[in-house]
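For reference, the structure discussed in these notes is given below.
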Amino acid sequence: MNCQGCHLPDGGGVGDIPQMKNFVGNFLKVPGGRAFLVQVPGSANAALDDAALAELLNWMLLEISAAQLPEDFEPYTAAEVGQYRAVPLSDVNAVRLPLIQKIALLSGN
């Protein structure tokens, strides 16, 4: 599975699948959000090595959500991806919801 196993090619979402475009960078502003992007099934189970996944995540963030990245954005490294990937999520929604709530608080919503 890759990102497009759930999301549209442009980062869009359909139905219960969240929109990534112009939003996903916000995850890097809240504790746990950085790990979350690696641990979701489309990332954690991708047939890419850690270096390639780090490169893909960095490209995706800069391509579809650069304006939402924190000012101190640090690109993912292969070592970091390997560390997060070793602990995949068993319940994506249970982890995503509190992160979305934290993001909403940051934006005043």
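The values are calculated or read from the model by the stated rules, or taken from the named source; none is laboratory data. Everything numeric here is computed off the predicted structure, so don't read it as measured data. Every residue, glycine among them, receives a Cβ derived from its backbone with ideal geometry; neighbour counts consider all protein chains shown.
Computed values, structure above
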| quantity | calculated |
| --- | --- |
| Among the candidates 75, 70, 88, residue that is part of a loop (DSSP other than H, G, I, E, B) and touching a Pro at 6+ places or on another chain (Cβ under 8 Å) | 88 |
| Enumeration of residues in the stretch 49-69 that are within 11 Å of residue 24 (Cα to Cα) and surrounded by 14 or more Cβ atoms within 10 Å (Cβ to Cβ) | 57, 60, 61, 64, 65, 68, 69 |
| Residue check, residue 81 within 11 Å of the chain's Cα centre (by Cα), surrounded by 16 or more Cβ atoms within 10 Å (Cβ to Cβ) and at pLDDT 95 or above | no |
| All positions within the stretch 37-59 that are part of a helix (DSSP H, G or I), within 18 Å of residue 100 (Cβ to Cβ) and touching a residue at least 40 places away in the same chain (Cβ under 8 Å) | 38, 39, 41, 42, 43 |
